[in-house]
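The values are calculated or read from the model by the stated rules, or taken from the named source; none is laboratory data. Since this is a predicted model, take the numbers as computed values, not measurements. Neighbour counts run over all protein chains shown; Cβ positions are idealised from the backbone, glycine included.
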Amino acid sequence: MSTSQNYLCLKNGTVINADSEQQTDVLIQGRKIVQVEPNLTPPSHARVVDCTGKLIFPGMIDPHTHMGIPIKNGWSADDFESGTRAALKAGVTTILDFTILEPGQSLSESIVVRRKLAEKSHTSVGFHCNITRFEKSLLDEIPELIKQGIMSFKVFTTYEEAGMYLTYKQIKKVARVIAKHGGLLMVHAEDNDIIKAATAKYAGRNLIEPRYHALARPPEAELVAIQKLGEIHRQTGCPIYIVHLNTVSGLNAAKAAGLLVETCPQYLFFNDSVYEQPDGRMYVISPPLRKSEDQKALWAGLLNGQINTIGTDHCPFRLSDKPDGLSYEQIPNGMGGIETAFPIMLAEWLKAKWPLPRLVQLMSTHAARIFGLYPQKGVIQAGSDADVVIVDPNLKEVLTPDDLGDRDAWNGYLGLEAVWPG
Ligand SMILES: [Zn+2]
């Protein structure tokens, strides 16, 4: 194990930060980076690793995970232990997960419960605080939580049936409190009324296939919710971060309104045609997968700066959790991705020869800045945590089940190219 006396020197690698790409040495002492400089002379007892030809990234930060989610007959396929073990192997050194507000619980109680579950994690873990009920006592907790370092709060414009829905009027009130105390509001943006109306069209007709999941949650739901949130942002000044954005219209509306935007690998790599596949049910996630035009706009948004972060919305299930023949309304929503997100994104990036600092912005630095972790995380520089990811860019592989370890979580990305840290 590392002690404060342990020195590690990474020699001659190419360090990729959000704003630079530089061949240099990195000296680490214990859990901190102490020096970043070409041709540095390490202390005589340092362990020296030759990184010639390797890329060195700051640890990836996944700002959107759901480890250990209770479902009908047990738990989703990853808990904090297995999920963060898989994350670490794939270059993710920090995850930001969500609290779950149980009936009768206060926000601070909900944080304590999730923190306890996260103790067995292999990465750094932070939390966003879900506000899934509108009560004055919950709003009253916000200032103190922000003081304690929980600065991001999440609300839903849908999931009325699951008891998680807040009206726009309520969201505006939450936003005012958060803005006043310097926090950030995250929103699952799908308009409840539009989903209700679309769902009603298919109800009672025995239309159960996965494709109806996408039809019952149309893209207009995202657009309308984002327009309303843009208005709330304008009226309250509260910074608003749209999680798992997935449509071209939503993206344009969010940027016009000055909102922060996250998208996820599933919306980049897949479209709604997968719902016609035999395993289409496994891709039932909310919001649903969209059209190829949306995919194109999202990839463009990564490169042109419209999109701020990539999160995975990691919530994997086993094949047995989503048995064939279930109605789309009964299928647990969610899929995994933290175990492959960085390796497949990096493979795409290298293939297209896109600037690597941009990938660092999207998968590490921007999340660190937005969620108050910078410069401890999200950068390789003296004084930062020694969260470094070393990659040989020439070791490209095709994803196979062996890459996923002993977890029984289903993964939708098999067969894609991946470049693994190691
Ligand atoms: Zn989520």
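Residue check: is E276 more than 16 Å from the ligand (Cβ to nearest atom), acidic (D, E) and within 20 Å of Y328 (Cα to Cα)?
yes
Hey, could you check segment 27-61 for residues that are part of a strand (DSSP E or B) and touching a Gly at 6+ places or on another chain (Cβ under 6 Å) and say which is farthest from the ligand (Cβ to nearest atom)?
Looking only at segment 27-61, we keep the residues that are part of a strand (DSSP E or B), and these are 27-29, 32-37, 47-50, 55-58, 60-61.
Narrowing the set further to residues that are touching a Gly at 6+ places or on another chain (Cβ under 6 Å) leaves 56, 58, 60.
Values: I56: 30, P58: 24, M60: 17 Å.
Ranking the candidates gives I56 first.
Conditions tested, residue by residue: (1) closer than 22 Å to D321 by Cβ; (2) modelled with pLDDT under 95; (3) not aromatic (F, W, Y).
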{"site": "K72", "(1), (2), (3)": "yes, yes, yes"}
{"site": "A86", "(1), (2), (3)": "yes, no, yes"}
{"site": "K89", "(1), (2), (3)": "no, no, yes"}
{"site": "I100", "(1), (2), (3)": "yes, no, yes"}
{"site": "G104", "(1), (2), (3)": "no, no, yes"}
{"site": "V113", "(1), (2), (3)": "no, no, yes"}
{"site": "E119", "(1), (2), (3)": "no, no, yes"}
{"site": "G126", "(1), (2), (3)": "no, no, yes"}
{"site": "C129", "(1), (2), (3)": "no, no, yes"}
Original post:
How many residues are out of contact with any Phe, Trp or Tyr (no Cβ under 6 Å at 6 or more places or on another chain), closer than 19 Å to I232 by Cβ and surrounded by fewer than 19 Cβ atoms within 10 Å (Cβ to Cβ) if we restrict to segment 140-168?
Top reply: 3
Subject >> Residue selected from segment 312-321 under the condition assigned to a loop (DSSP other than H, G, I, E, B) and surrounded by 24 or more Cβ atoms within 10 Å (Cβ to Cβ), by the criterion nearest to the ligand (Cβ to nearest atom) >> reply: D313
Subject >> Which numbered condition G250 fails, given (1) among the small types (G, A, S); (2) away from the ligand (no atom under 16 Å from the Cβ); (3) touching a residue at least 24 places away in the same chain (Cβ under 8 Å) >> reply: (2)
Original post:
Hey, does segment 188-203 have a residue that's within 16 Å of the ligand (Cβ to nearest atom), assigned to a strand (DSSP E or B) and buried (at least 20 other Cβ atoms within 10 Å of the Cβ)?
Top reply: yes
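Okay, residues lined up against (1) of a type outside the set (A, V, I, L, M, F, W, C); (2) within 16 Å of the ligand (Cβ to nearest atom); (3) in a helix (DSSP H, G or I):
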| site | (1), (2), (3) |
| --- | --- |
| E262 | yes, yes, no |
| Q266 | yes, yes, yes |
| S286 | yes, yes, no |
| L289 | no, yes, no |
| A297 | no, no, yes |
| P323 | yes, no, no |
Subject >> Pairs where the first residue, in segment 4-15, is at pLDDT 95 or above and the second is among the hydroxyl-bearing types (S, T, Y) and crowded, with 18+ Cβ neighbours inside 10 Å, C-beta under 7 Å, 6+ apart >> reply: V15/T24
**OP:** Being of a type outside the set (D, E) and in a helix (DSSP H, G or I) is the filter here, so list the residues in segment 134-152 that pass it.
**Re:** K136, S137, L138, L139, I142, P143, L145, I146, K147
Subject >> Only listed residue being in contact with a strand residue (DSSP E or B) (Cβ under 8 Å, 6 or more places away or on another chain) and under 21 Å from D62 (Cα atoms), chosen from L302, L289 >> reply: L302
Subject >> Matching option when the condition is part of a helix (DSSP H, G or I), surrounded by fewer than 23 Cβ atoms within 10 Å (Cβ to Cβ), of a type outside the set (V, I, T) and in the same structural domain as T93 (by TED's automatic domain parsing), among G301, G250 >> reply: G301
**OP:** Kindly establish whether D97 is part of a strand (DSSP E or B), free of Cβ contacts under 8 Å to residues at least 60 places away in the same chain and within 16 Å of the ligand (Cβ to nearest atom).
**Re:** yes
